[in-house]
Amino acid sequence: MTRIAFAFAAALAALPAASFADAFAFDPAHTEVRIYWTHAGFSEQSAEFHAIDGGVTFTPDALTATRADVTVKVDSIDTGFEALDTHLKSGDFFDAETYPEIRFVSTGVEQTGERTAKMTGDLTLRGVTKPVTLDVTVVNYGEHPVGAFYDFYKGQWLGARAETVVKRSDWGIDAFIPIGSDEIRVVISTEMKAQ
């Protein structure tokens, strides 16, 4: 185990003690997948996908063995403006009718700090699969304080954030570039419950 891995394990040990299951599932009420792009160079716009399924396997003493499998329902995209939602679901962009899901499957993890890592994986979108790298931060883990009030939150939890930037044209989504930027920032913030 590398010096960084030892430091990471020590940092985890400093948090409240917990006995972890390997499998963690997303809490839909506290999981966000957001995308950001620039519009004509004048503003940053965003959308959130509300329907996310999957989870991760995670063990503090084998961090590089962490794996993720995440599926996002394209039809759940929400910009807050119905006409734009409809356009984003159309063949110009995500083509939700033909390709209803976006999927990320991790292929490896490189630890970069006490609570940070680079997770590589395959992103499948509109029938095209390309490699991407996520910058991942372990925000917290252990017993959830809300478990004192709601049974659902009893047990062990893992909080994480992941971020990357992709070019939509790599997946064949090139409509209206550069009015809508080619580069898309993806941010995932999640709380996950041990299964």
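The values are calculated or read from the model by the stated rules, or taken from the named source; none is laboratory data. As the structure is a computational prediction, the values presented were derived from the model and not from experiment. All Cβ positions, even for glycine, are placed from backbone atoms using ideal geometry, and neighbour counts span all protein chains on display.
Listed values, structure above:
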quantity	calculated
Residue 44 being within 24 Å of residue 175 (Cα to Cα) and either surrounded by fewer than 14 Cβ atoms within 10 Å (Cβ to Cβ) or at pLDDT below 95 (or both)	yes
Residue 85 vs. criteria without any contact (Cβ under 8 Å) to a residue 60 or more places away in the chain and not in a strand (DSSP E or B)	yes
Any hit, the range 179-189, residues being within 18 Å of residue 69 (Cβ to Cβ), part of a strand (DSSP E or B) and more than 14 Å from the chain's Cα centre (by Cα)	no
Those residues of the range 141-151 which are surrounded by fewer than 15 Cβ atoms within 10 Å (Cβ to Cβ) and in contact (Cβ under 8 Å) with a residue 24 or more places away in the chain, in sequence order	none
From the options 76, 43, residue that is over 19 Å from residue 181 (Cα atoms) and either out of contact with any Asp or Glu (no Cβ under 9 Å at 6 or more places or on another chain) or free of Cβ contacts under 8 Å to residues at least 60 places away in the same chain (or both)	76
Given (1) touching a Lys or Arg at 6+ places or on another chain (Cβ under 9 Å); (2) touching a residue at least 60 places away in the same chain (Cβ under 8 Å); (3) not small (Gly, Ala, Ser), number of the condition residue 163 does not satisfy	(2)
So residue 98, is it hydroxyl-bearing (Ser, Thr, Tyr) and in a loop (DSSP other than H, G, I, E, B)	yes
Yes/no for residue 56 being surrounded by 14 or more Cβ atoms within 10 Å (Cβ to Cβ), under 25 Å from residue 91 (Cβ atoms) and at pLDDT 95 or above	no
Members of the range 82-91 that are charged (D, E, K, R) and loosely packed, with under 13 Cβ neighbours inside 10 Å	82
Residue check for residue 127: closer than 24 Å to residue 47 by Cα, loosely packed, with under 15 Cβ neighbours inside 10 Å and out of contact with any Phe, Trp or Tyr (no Cβ under 8 Å at 6 or more places or on another chain)	no
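Yes/no per residue for (1) exposed (fewer than 15 other Cβ atoms within 10 Å of the Cβ); (2) farther than 19 Å from residue 60 by Cα; (3) touching a Phe, Trp or Tyr at 6+ places or on another chain (Cβ under 7 Å):
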{"position": "156", "(1), (2), (3)": "no, no, yes"}
{"position": "164", "(1), (2), (3)": "no, yes, no"}
{"position": "167", "(1), (2), (3)": "yes, yes, no"}
{"position": "173", "(1), (2), (3)": "no, yes, yes"}
{"position": "176", "(1), (2), (3)": "yes, yes, no"}
{"position": "180", "(1), (2), (3)": "no, yes, yes"}
{"position": "183", "(1), (2), (3)": "yes, yes, no"}
{"position": "188", "(1), (2), (3)": "no, yes, no"}
{"position": "193", "(1), (2), (3)": "no, no, yes"}
